[in-house]
Each structure stands twice: as structure tokens, then as C-alpha cells.
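Only the coordinates and a few stated rules stand behind these numbers; no lab work does. Not measured: the values here are computed from a predicted model. Here the Cβ positions follow ideal geometry from the backbone for every residue, glycine too, while neighbour counts run over all protein chains shown.
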Amino acid sequence: MPLSASSSAAYLQNTSPTPNGAPSTRPTSLTIHPSALFSILDHYLRRTDAQHRVIGTLLGSRTDSSVDVKAAFAVLHSETDEQVAVDMDYHRAMYDLCTRVRPNETIVGWYSTGSDLNTYSALIQNFYSQETAPHQAVHVALDTGTEGGKGAGVKAYISSPVGVFPKPENCVFVPIPCELRFHEAERSGLDLLLSPNASLAQTDLDVLASALTDVQNMLNRVLAYVQSVLRGEIVGDKAVGRYLMDVLGTGVEEDGGWTAGLQDTLMVTYLANLVRSQAEVSARLALTSSA
Amino acid sequence: MAAPSMAAALAASLPAPQAAPTPAAPTYEAIPASMSKAIDIEAEIPLTCVQLDGMVITKILKHSREASSTTAHGLLLGLDLDGILEVSNSFALPNHTNDDDEKATKSIGRYQASMLRSLKEVQGDDNVVGFYQATSLGAFFNQTLIDTQAIHQDRLRHGGVVIVHDISQTARGNASFRAFKLTPSFMDAYRRANFSTAGLVSHRLTFSSILEEIPLRVRTNALLNSYLNMLVTPSTSSFSGARPGEATTSALSPSYSVLDIGNTGLTKNLEQVAEAIDNYRTEEGNVAYLSRQIAREKLRAETYVAKRKEENARRVAQGLNPLPEEDVSRLFRIPPEPSRLESMLLLGQVDAYAKSLESNAGTGLVKMYGAKASSGV
């Protein structure tokens, strides 16, 4: 699930290992958790008028070839035409606080809003690479889409030195692909955010009902399409037809286990109702016993 | 409760349960003390609704899922405005299982104070409005939750809310966040620490009247909305011969996991119900034992008093001085009435487990009929 318009830039491959046999430590892909993404957006919203872009630290974990960003926090920084300053004490203090809650998250890089990369970015990247040594720091540039002409998106980079004599303020940022990743259990929370007026007091049955209506609408559309193809109105697309046959052709095997499952479920429902009424009666009885 | 100055009210709203010093209390000292009673009308407007920001939801989801064994809890930050409590940020609190109580509460107080300070420096909200707790299978009645909420409700301006997030229900496809406050009758009984039978009767307390629920809604600001829309819009692939399944992709394609058939959670839920009932029975047994002891002691005291009276009557009849009435409470120590709060909470747990079991089984029933309808045609 790529996060921005796909570009045609060449991406890194994990190529031959270094001469002494150690595995390469250059990350080649990045995954972001939605809470980190939304924290960055929130920080951008809260910036003071003087700041054009904001930066912060990314926390997460890394495997051999990919980096997983799980959380982000903002860092104070000031940027003028002559110099850039990052508050390192604040960054250290917040990192200490965060590790107390989640001990297995480490600093993996930094983010900034606004997608232009300039000398200051190189300097900050150098600073963060010292923090994440011996691994490389990743840089995530989040474009909020509020400036005209640029679409919203997230791009991730790692740096490599460039130039005859490598200096801290020169480096080239190499883009790496990045994706949104979250656990399946969090999916329904995200769905809640996506639907505009969902109320939080839906019961399970309401959710089930809306999902079933959606499936029913989809089936109606497919049925209308197939019927019009059969009547000869539209030339059917063979790929679509084969795909539909694959998906809908598998049937459910009939078995006697269905009635047994039904009886079990009914019994469990009855039991649960019984327990609830018993608890209610018992609570009222406790009120009536005399001291 | 109008505090004498805004600074003091805000400083008192840091709900550190012990006397940890509050560093860097914000200094908004523009309102003179005489005017603050007139200005603090916000405290008079009761809370009607709680509004959660989208970021808070994702953060609570992530923290609840990652905290493995002990339940996850943390603080909510935000602002109460015009009857609506807006929660704009949250952070997690570390667990304190192994330390002894004094050190643990102090360290948590320090963590909280430094977190609030750091957030203030990046222009975040630093006003605590409540706390959140993750639970599983719906049972969240326990003593620590009630204690913390009672403390918050005393200290914070509108009484804090506790937001309960149910992990298992979210995993089943229905994101569940509920906001609660303690009812006034319960707060009254809690303050007097009077949970004997007579106390319960006078306050008419059952487990269902401990907490009252406040409606909750979700708000995503405009930037977040546009970002989410970007994630969801499908982008067509550039290949013309792509298979239909992969022709359009988007970062967040819709998922229908709620339609999965299967009763994975039912056995665990049943076990929890049985365990909760066992706990309740044990607790009730203890309460009954103590009540019997109390009754025995009372009986002994009464017989002693009766014998004394009889003896006095006899002596008066004989013309001797009556013996003094001794203070029976010094002779017979009658133990105090046991607190029935614990058994009430356990009963609430039983009810909550049974409720989630019922909804689980109910939807399973509907799905099974649906599957049969689709196959048996």
C-alpha cells in the first residue's frame, strides 16, 4: 500500500554484503504506523506562526532490511537563514520518557513536514545519524498538501555522503519505499475515523448490518453487469468473467455440523441471558436484606 | 468549585495522588481574584458529550494492543468547553507492578509532570481531563479504576472521565470506546467509605448504578480528513493487462473482517464468566462469614446486657445498689460491617462478561444463518 504517487526513481536493492561478511545495515523499506502519522500532522497544526516547517524524532524498531516506525514526538527547533538549532536536551528527555513506557522502541530517524531537502536537512540528518549509530537514520518528509502545487504524501529517504571530501552538510537523500502498516485488530478503529458520522455507540449487530448491506449492494452491481453481458448489451471482459467465476464458484459444503453449531450458539445465548438476569436479581437482593 | 485563581485551579488539576511538587505550574495570572468567580462559569455547565480527536483513537489503539500482560492505561489531555469535553492528546503511563506503592506512585507522578512540561513546550495541550483504560471482553470494574476516577473527579474541574477501550470487541470489528463518570450517589458513598448493607440501601446502589455513560463522538480535523481521504482513494494501476484483483490499489482498502464466521472468542469468554462467578461466590462467602461473626458477637453482647438488667432489677428488689451498667462496647468488640463494594464490583464483572458473550453469540447466530442462506439456494 504505497503512500504517495509512485515515482519512477530506482529503488535500492540489498546488494552484496560488505567484505567482512557482516550483513548490510542500509534499510531498504519503511513501514509507518498511523498513530505516528497523525501525531506528525497534529504537530504541524500546532506550530507557531514563525515556523515554516517542524521536525521531530521517529521511534520504532528495525530489522535487517526494513525499518518500522511506531511513534513520533516533536522536537523544538528553530531555523533562520543563517543557522539551524535543534534542542538536544529536549529530545533526550522525551526519549527517556518514551522508553519508560515502551522499552523496545529505539530512535530510528527523524521527520519533517514540507518536502524540500536543503542543507539544514543534511545537518540534521548528520546529527540523527550520530544518535542512531551504528545504523543509518531514516528521514521521513511528510507533505501536508496545504501548499499549492504539491500533493499530500509521505516520502522516506536514507542518506549517503556525496562529494570529494564528505562534509556533514553535503549528502544525497536516496528515496526508499514506505508503506502504512497496522495490526488487523486496529482496522475497525481506522474505519471509524474514515466514516464521517459514525457514532461510537454502535452495537455489534449494527456493524454487521451495515457490512451486509454493503456486500448486498456489491452483489447487485455484479449481478446487473452479468445480466447485461448475457443479454448481449455489453461485451464481457474475459478477465473479469474468469475472476468472478473463481471468486463466486466455490460453494460451502453442506454438512450436519451446521445444526449442531446452531444449537450450541443458541444455548450459549440463553446461558448468557440467564447469567445476566441472575446477576441483576442478586444485586437487588443484596439491597433488601436487613442489617 | 471556583478556585481562587486560574493558576491554582490549573495546578490543582494535576492529579498526582500524593504530594509531589508541581513544577512549572502555568502562570496565567491576568485575572484578579475578585473576578474569577464571575469568570469561571465554565464549571457550571455540565458535561453533555465527550469528543475524541482522531489521533487519540489511534494512540489508544496502539498502546492497548502492545501492552501485553497488564492492562494499558494512560492520561487524557484536552479542554472542556461549553459542555463538551474535547480530548486532543493522550499519553501512556508506565506500569508499576513490582515496585512497592510509595516509590511507584512518586515515579509515576514525576513521569507525568515531565511529560506535561515537555508537551507544553511544543504548544500541546497540557490540561489533564481524565484517563483511559484498556480492557478485554468488557470487564473493567476493578478497584483501581474506581479509586483513580474518584480522585480525578474530586480534583479536576468537570470531574474527569474514564474512557474504556475494549480490545476484544475492536478486534472483532466494532471499535469500542466508552466514556464514564461515577454517579453522584456512588461518589457520596465512596467519600463516606460506607459500603455496608445499610449504606447500600440508603444510596440504592447496584453494580449498574456505579458508572454513568456519557455520549462520545469522534472528530477529525480538516487536515487529518484530507489525509485519510488520500489514503483511501484507489489509484489505478498503469498496466493495462492487470488482473482485476490488482487493478486498483489504495493504502486503506475496505475490509470486511466483521463477516468472518467462527467462534474463536466464545470459549475464552465462557471461561471468564465461570471464573468471575467463582470469584463472586468466594467473596460472598467471606461476607457471609463476617456477618455471622458479627451476629454472634451482637447476640453475646445483648445477652450480657439483659443479664445485667435482670441482676439490677433483683438487687433493687433486694434494696442493694444497682451495679453500674458497663459499657458493652468495651467488653465485646463487635467488628465493623464488611464492605460490600468488592462483591458489587465482582457482580458487575460477571454481568459484563455475560453481556459480551451474549452479543458475540448473537452475531454468530446471524452470520450462520447468512452463510446457510447463501449456500442452500
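What the table shows:
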| quantity | calculated |
| --- | --- |
| Within 10 Å of each Cβ in A:27-40, the average number of Cβ atoms from other chains | 4 |
| FRET E, pair residue B:229, residue B:204, Förster distance 45 Å, beta-carbon r, rounded to 0.05 | 0.35 |
| Residue B:49/residue A:116 FRET efficiency (R0 45 Å; Cβ-Cβ; nearest 0.05) | 0.60 |
| Burial ranking of peptide ranges A:63-75, B:138-150 (average Cβ count within 10 Å, highest at the top) | A:63-75, B:138-150 |
| Of all DSSP beta bridges in region B:49-225, antiparallel share, percent nearest 5 | 60 |
| Note, ³J(HN,Hα) from phi for region A:59-66, Karplus 6.51, -1.76, 1.60, rounded to Hz, x at Gly and Pro | 10, x, 9, 9, 10, 4, 10, 9 |
| Average beta carbon contacts from partner chains per residue of B:220-231, 10 Å cutoff | 6 |
| Residue-span extension gain [residue A:127 to residue A:215] - 0.36 nm each, minus C-alpha spacing | 26.5 nm |
| Distant-in-sequence amide H partners of residue B:80 (H built 1.01 Å from N, under 5 Å) | B:86 |
| For peptides A:274-283, B:82-91, sequence by mean Cβ density within 10 Å, most packed first | B:82-91, A:274-283 |
| Label-to-label distance, nm, for residues given as residue B:81 and residue B:366 (7 Å Cα→Cβ offset) | 3.7 |
| Potential extension, residue B:373-residue B:318 segment - 0.36 nm per residue separation minus Cα distance | 10.3 nm |
| At most 16 other Cβ within 10 Å, DSSP loop - GluC sites (Glu not before Pro), region A:59-130 | A:82 |
| Computed lengthening from residue A:231 to residue A:99, 0.36 nm per intervening residue step minus Cα-Cα distance | 41.0 nm |
| Residues whose placed amide H lies under 5 Å from that of residue B:160, excluding near-sequence neighbours | B:153 |
| Region B:49-225 - charge dipole about Cα centre, Lys and Arg +1 at Cβ, Asp and Glu -1, debye rounded to 20 | 140 |
| Percent RCO, i.e. relative contact order, over region B:49-225, from Cα pairs under 8 Å lying at least 6 residues apart | 24 |
| Neighbouring partner chain Cβ atoms per residue of B:362-368, average, 10 Å criterion | 6 |
| Mean separation of Cα contacts under 8 Å (6+ apart) over length of region B:266-375, as relative contact order % | 47 |
| Whole-Hz couplings from phi, Karplus 6.51/-1.76/1.60, listed for region A:92-103; x for Gly and Pro | 5, 4, 5, 5, 4, 4, 5, 5, 5, 8, 10, x |
| Amide H contacts of residue A:176 (H built 1.01 Å from N, under 5 Å, at least 5 apart or other chain) | A:156, A:157, A:158 |
| Förster-model FRET efficiency, 60 Å R0, residue A:284 and residue A:247, C-beta, rounded to 0.05 | 0.65 |
| Shape of region A:29-184, Cα gyration tensor, a/c cut at 1.5 | rounded |
| Packing rank of A:178-188, A:119-129, where each peptide gets the mean count of other beta carbons within 10 Å, highest leading | A:119-129, A:178-188 |
